[in-house]
Amino acid sequence: MKSCYLYSFYKEVLVKDKGMQMQNHLVIFFPYKTHTEVELQLRDYFHNSTLPDQLIILCLEFNKDSIKKLFEKDSSIYDYIPKFEFDENHHNLCLLALNCLGEFTSVIGKCPADSYINEIYNRGLIKIFINNGGLIVSQTANHFVFPSGKHSNRFLRTGNVLINGNEIFFIASALIRYFKRDKFDALYSDTSSINSLAFAYINLLKELNPEFTESVLVESFGSYTMFEKLKFKAKRNTIFLVSSSTSGSILKRMTD
């Protein structure tokens, strides 16, 4: 089992005495309390990847102590990140921990601006979507018919994206940043294919908040079906997850 999600992206940054430079930013996200075989993951990653200029480690409040120990000075982990050394001033390394309210705090190094954290997440989410084939393009003259009745030669299959556990938890941590809830009663998804994300989100919240002990109802409302054919009522303290909506009409119907 992979204990972390690794990805990199290039970003232009201002370097002291050197001006603007393109640098490789490596992000490592740790969703679990244990992180076995992370050295093996790093070795395999760098077998085909460019060396990093910046290292960003993302973890959660409940595992930040063990992750901090993993990246402390003189740790053997740096043997598996070629030419990357621990910086006493933390210019090229930061370790951030996410809490149940969607806020990041610095564990090692300086906490970057929210705009940079947003970019880190946007880049990571896009890579998951592309690498796992979230967009399906029809071949020849075939096309897709959406639940709304519209036609297209492209189809978003979100279920394809939810394959690897550490990536699912990465998406779930993004939800925590936007759904700033410590507790809620129910969670409805528009399709059962994304229920794994719903359970990962609830799992992270409960790990981050020991007082969150209540059971949460998780159900799928079957895309347009429940709104078209059934009378549907939800409590005010409810979260809805919509996998994708090419037309946006399902969102309009929900709010109406």
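In table form, for the structure just shown:
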item: Some residue of the range 35-52 being touching a His at 6+ places or on another chain (Cβ under 8 Å), at pLDDT 90 or above and either hydroxyl-bearing (Ser, Thr, Tyr) or buried (at least 16 other Cβ atoms within 10 Å of the Cβ) (or both); result: yes
item: Single match in Ser66, Ser75, Ser3 (criterion: over 19 Å from Glu207 (Cβ atoms) and open to solvent by less than 50 Å² (accessible area, probe 1.4 Å)); result: Ser75
item: Unique match (being part of a strand (DSSP E or B), open to solvent by 70 Å² or more (accessible area, probe 1.4 Å) and without any contact (Cβ under 8 Å) to a residue 60 or more places away in the chain) among Leu55, Leu14, Leu95; result: Leu14
item: Within the range 1-47, considering residues that are over 19 Å from Ile171 (Cβ atoms) and β-branched (Val, Ile, Thr), the one farthest from the chain's Cα centre (by Cα); result: Val15
item: Out of Ile126, Ile120, sole residue that is among the aliphatic types (A, V, I, L, M) and surrounded by fewer than 18 Cβ atoms within 10 Å (Cβ to Cβ); result: Ile126
item: Qualifying residue in the range 48-64 (condition: within 18 Å of Phe170 (Cα to Cα) and either touching a Gly at 6+ places or on another chain (Cβ under 8 Å) or charged (D, E, K, R) (or both)); result: yes
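The values are calculated or read from the model by the stated rules, or taken from the named source; none is laboratory data. If you're wondering where the values come from, they're calculated on a predicted model, not measured in any experiment. FYI the Cβ positions are ideal-geometry reconstructions off the backbone, even for glycines, and counts take in every protein chain you see. When the accessible area is computed, the model is the full protein with side chains, heavy atoms only, and any ligands, DNA or RNA have been set aside. Shrake-Rupley method; radii C 1.70, N 1.55, O 1.52, S 1.80 Å.
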